[in-house]
Amino acid sequence: MKTEEKILAKALEMFNERGVEYVGLRELAGILGMRVSNITYYFPTKDDLVNRLSIQLYDLNSSILVVKEDLSIEQFLEMMEQVFWNQLKYRCLVVSFVHLIGQNKLIAARYGDTQTKRNTVIRSNLEVLARNGHIRIKNETELEFLTSTIALVARFWISEAAVTWQHLSAGQQINHYIKSIETLLRLYGVESAK
């Protein structure tokens with residue numbers, strides 16, 4: 001494993017365990033057995049390091065959350081479930097989301113564009129499901145409601161799960177939120193897909 005990859009992997013591990021806000025570059029360097037200058041060679045600031053991790057999460061989710069013209073409800077739920085597993089892997093970013101948007105200029109600068117793209121993909125997939133007769137959406141207001149509600153669950157499920165469902169395993173937590181999305185879709189005429 002290259003030095004840069006080792007830094008990213010250990011930073012992700014430590015951020016997930018302790019929180020992004022509570023791990024500094026000196027502590028990370030100490031755990032890795034290297035000097036801070038070795039880290040800053042690759043990542044001049046902690047913000048640069050956190051930003052790179054956020055790009056990794058973005059890339060993972062972008063490879064999964066795509067528009068499919070032959071999409072079924074089951075495939076849509078599986079897509080969302082994989083996104084949730086990715087978020088769990090990078091949970092430090094999702095749990096610290098509000099803090100990061102306020103503190104990390106690199107992440108904040110990308111957020112609006114990222115969110116617009118995510119919502120567009122969710123919306124497009126809902127339109128596919130409607131065209132293919134899997135759900136019934138009466139008007140633009142319903143489509144917007146469904147899109148924004150699913151996007152909201154996708155962005156913040158992990159924070160609520162950490163508080164409300166901490167007694168459940170990660171898989172059980174994810175299943176709870178996937179079932180919530182499935183139930184929401186069922187309100188629009190969808191039979192149970194999972």
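The values are calculated or read from the model by the stated rules, or taken from the named source; none is laboratory data. As the structure is a computational prediction, the values presented were derived from the model and not from experiment. So basically every Cβ, Gly included, is an ideal-geometry build from the backbone, and we count neighbours across all protein chains shown.
Data table
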{"quantity": "Within segment 79-145, helices (runs of 4 or more DSSP H) holding 2 or more residues that are at pLDDT 95 or above and more than 29 Å from ALA170 (Cβ to Cβ)", "calculated": "105-131"}
{"quantity": "Meets criteria (on the phi < 0 side of the Ramachandran plot, assigned to a helix (DSSP H, G or I) and either touching a residue at least 60 places away in the same chain (Cβ under 8 Å) or in contact with a Phe, Trp or Tyr (Cβ under 6 Å, 6 or more places away or on another chain) (or both)) for GLU21", "calculated": "yes"}
{"quantity": "Hits in segment 58-78 (condition: of a type in the set (S, T, N, Q) and in a loop (DSSP other than H, G, I, E, B))", "calculated": "SER72"}
{"quantity": "Residue in segment 34-48 that is of a type in the set (D, E, K, R), in contact with a Cys (Cβ under 9 Å, 6 or more places away or on another chain) and outside the structural domain of VAL95 (by TED's automatic domain parsing) present", "calculated": "no"}
{"quantity": "Residue among THR147, THR183 that is surrounded by 15 or more Cβ atoms within 10 Å (Cβ to Cβ), of a type in the set (Val, Ile, Thr) and within 30 Å of ASN16 (Cβ to Cβ)", "calculated": "THR147"}
{"quantity": "Hits in segment 50-63 - residues which are under 20 Å from ILE174 (Cα atoms) and surrounded by fewer than 16 Cβ atoms within 10 Å (Cβ to Cβ)", "calculated": "SER62, SER63"}
{"quantity": "Condition check for LEU12: in the same structural domain as ARG155 (by TED's automatic domain parsing), crowded, with 19+ Cβ neighbours inside 10 Å and in contact (Cβ under 8 Å) with a residue 40 or more places away in the chain", "calculated": "no"}
